[in-house]
1. What Rg and what Dmax come out for the chain when only alpha-carbon atoms are used, in angstroms?
2. Tally Lys and Arg at +1 and Asp and Glu at -1 over the other residues with C-beta under 15 Å from the C-beta of P100: what net charge comes out?
3. Please give the contour-minus-distance gain from F98 to F66: 0.36 nm per residue of separation, less the Cα-Cα distance, rounded to one decimal in nm.
4. For the chain, what does the helix formula give at 222 nm: sum of -39500 (n - 2.57) over DSSP H segments with n ≥ 4, over the residue count, nearest 500 deg cm²/dmol?
5. Report, ordered by chain and residue number, the aspartates and glutamates lying within cross-link reach of K115, taken as a straight Cα distance under 16 Å and ignoring same-chain residues fewer than 8 apart.
6. Please give, to one decimal in nm, the separation of the simple spin-label points placed at L14 and I45, each 7 Å out from Cα toward the Cβ.
7. Please give, to one decimal in nm, the separation of the simple spin-label points placed at D3 and W59, each 7 Å out from Cα toward the Cβ.
8. Using only alpha carbon pairs under 8 Å that are at least six residues apart, calculate the relative contact order of the chain and give it in whole percent.
Amino acid sequence: MNDFPIALFGTFTLAYVAIIILVLIAQWKIFEKAGQPGWACIVPIYNFIVLMRVIGKPWWWLLLMFIPFVNIVLAIWSVNLLSKSFGKEEGFTVGLIFLPFIFYPILGFGDATYKGPAGNNFVVLS
């Protein structure tokens, strides 16, 4: 028998799972840098609510994510605000969107520090 296709499938599957784990660990570190619980990145829906806290947007943006085409715009906008929250520019946003397995670890494990929601270094007085 020729086991090459099965071995190739297993290799790609293993590489895919490794990339997913790398990005999850990087998101964990990103949440911790922003002062949020790192484990929140692995809980569906709650991770988006925590992300909205990190970028300074209201929780009800989650509801807008269920509207077709609006969700694409909001997802890109959210990633842009995330990169700005760590002092990065739009070029880094493009990297986060198209090469997340490279740019999320740079953000999580690199020297980027959390600057506040969307990069605003201000203190809210209440």
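Computed from the coordinates by the stated procedures, all read-outs in this text should not be read as laboratory data. The model shown is predicted, which means the values in this text are computed figures rather than measured ones. We place every Cβ from the backbone using ideal geometry, glycine too, and count neighbours over all the protein chains shown.
1. 16.9, 71
2. Values: positive: K29, K88; negative: none.
Within the 15 Å Cβ shell, the charges total +2.
3. Working: separation 32, 0.36 × 32 = 11.52 nm, distance 2.21 nm.
This chain segment gains 9.3 nm when fully extended.
4. Values: 6 runs with 79 residues, N = 126.
That calculation yields -20000 deg cm²/dmol at 222 nm.
5. E32, E89, E90
6. 3.7
7. 5.2
8. Numbers: 129 pairs, mean separation 33.3, N = 126.
Worked out over the chain, it gives 26 percent.
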